[in-house]
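Report on the following structure.
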Amino acid sequence: MSSAEPLLNNTATTAIKLPIAGTNRMHGRSIKINRIPATIACLLVLCFLVYIFSSSEEEQRPVMYGMLRNQNKVNMRKLLIGAIQAAQKGGLEILEVAKSRDLKEKSKGKTDEGANDPYTDADGRSHCVMKLGMHRIFPRVQIFSEEDKETCADMPTFDLDPTVLHQTADIPDEMVDIKDITVWIDPLDATQEFTEQLYEYVTTMVCIAVHGKPVMGVIHSPFIGQTAWAWVDHSMSEYLSQIHPDRPDVEHPIITVSRSHAGDVKDLTRAVFGENSNILTAAGAGYKVLQVVANNATAYLHSTKIKKWDICAGDAILRALGGKMTTLDNEYIDYGPSESPVNARGLLASVVNHKEYIEKLIEYRKSHNAGPKKR
């Protein structure tokens, strides 16, 4: 035997032997692959893909479905459902805290009107369930909340439930680029009144803006058990469609203003809306918009700066009803992510006659050298 023969024999007998046949040859060595685990893994992946793409109820599909289907877009129908659920879930947290009467109240400082700006456990719990719930379902959407500085512990989240939409609602599966969407959350509007047990003013709100324009608004009144929502140019809640008349009475206008600075706008109200006008003091921007919508007030007037999470949802609802909300300079409010969260130019909101009222208001301010107060 030559000196090369032992080496060749050793090479020929060297192999990695696995139980099941299926052999590939590499450099003279045979690698036997077990096909059963690989086949099972492929079948499991196939079954998973069939499940998430063929479910008859789209809202019941896993969140992964949307990520696999289109990573850069959001289904607006799902976003509306999530917004409604978030507002309602936040309301449940508020009710629980109110029932316990353990508010854990503290102060965030003073408002622009010099009033105390309180914070309670209800603000924090509502914020966490609303923002975390929305973020879990829509992780890449930009969401801003009034209480973003608060740290959230583990809170219950939620899955999309299409039954929050009434059966006659015509809601299309419209897709919008994620980068164009901004969500604004007010987890508890009218906190001061909440501490005073003036519960009728309390609301939770969610607003969806596209390119800075409010297109979806949700205002939930937890102590009344009513949810008002609207998608501009698409649909609205039964509650809104039932309480909104075709045209409110403008002969004897009622102007709703903040409880905290009603005296500051009385002269302005008389000048713009006439001597026959009356003033309705109220709390909460969401509540005041609903008074306008329900024809309990002709217009909503605010003369100082105000945060965008307070007004975005109401702005969207007014637009859906053919109304209008602008600054006191008659400019639309931009709710885009790059803009300040503060609207420093006051606001005027009404369902009808906005053009007439804003022109009178601007003329009055020019003649009196007045403008929205920036405190």
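The table for this structure:
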| quantity | calculated |
| --- | --- |
| Criterion: under 19 Å from Q226 (Cα atoms), of a type in the set (S, T, N, Q) and assigned to a loop (DSSP other than H, G, I, E, B) - qualifying residue of N276, N369, N295, N330 | N295 |
| Residue check for P172: outside any loop (DSSP other than H, G, I, E, B), in contact (Cβ under 8 Å) with a residue 60 or more places away in the chain and more than 17 Å from the chain's Cα centre (by Cα) | no |
| Residue among M216, M155 that alone is in a loop (DSSP other than H, G, I, E, B) and crowded, with 16+ Cβ neighbours inside 10 Å | M155 |
| Test: T204 is of a type in the set (S, T, N, Q) and within 15 Å of the chain's Cα centre (by Cα) | yes |
| Selection status of S260, under 24 Å from P214 (Cα atoms), part of a helix (DSSP H, G or I) and of a type in the set (S, T, Y) | no |
| In segment 299-327, residue most open to solvent (accessible area, probe 1.4 Å) [restricted to those that are in a loop (DSSP other than H, G, I, E, B) and either touching a Leu at 6+ places or on another chain (Cβ under 8 Å) or among the aromatic types (F, W, Y) (or both)] | L321 |
| Residue that is least open to solvent (accessible area, probe 1.4 Å) [pool: residues in segment 333-361 that are basic (K, R) and part of a helix (DSSP H, G or I)] | K360 |
| Total residues in segment 85-126, condition more than 20 Å from the chain's Cα centre (by Cα), under 19 Å from K149 (Cα atoms) and assigned to a helix (DSSP H, G or I) | 1 |
| Qualifying residue in segment 239-252 (condition: among the hydroxyl-bearing types (S, T, Y), assigned to a helix (DSSP H, G or I) and buried (at least 21 other Cβ atoms within 10 Å of the Cβ)) | no |
| Evaluation of H166 against (1) under 13 Å from I84 (Cα atoms); (2) in a helix (DSSP H, G or I); (3) of a type outside the set (A, V, I, L, M) (one fails), failing number | (2) |
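The values are calculated or read from the model by the stated rules, or taken from the named source; none is laboratory data. Just so you know, these numbers come straight off a predicted model, no measurement behind them. Reconstructed Cβ throughout: ideal geometry from the backbone, glycine too, with neighbour counts over all protein chains shown. The area values use the complete protein model at the heavy-atom level, side chains included, leaving out ligands, DNA and RNA. Shrake-Rupley method; radii C 1.70, N 1.55, O 1.52, S 1.80 Å.
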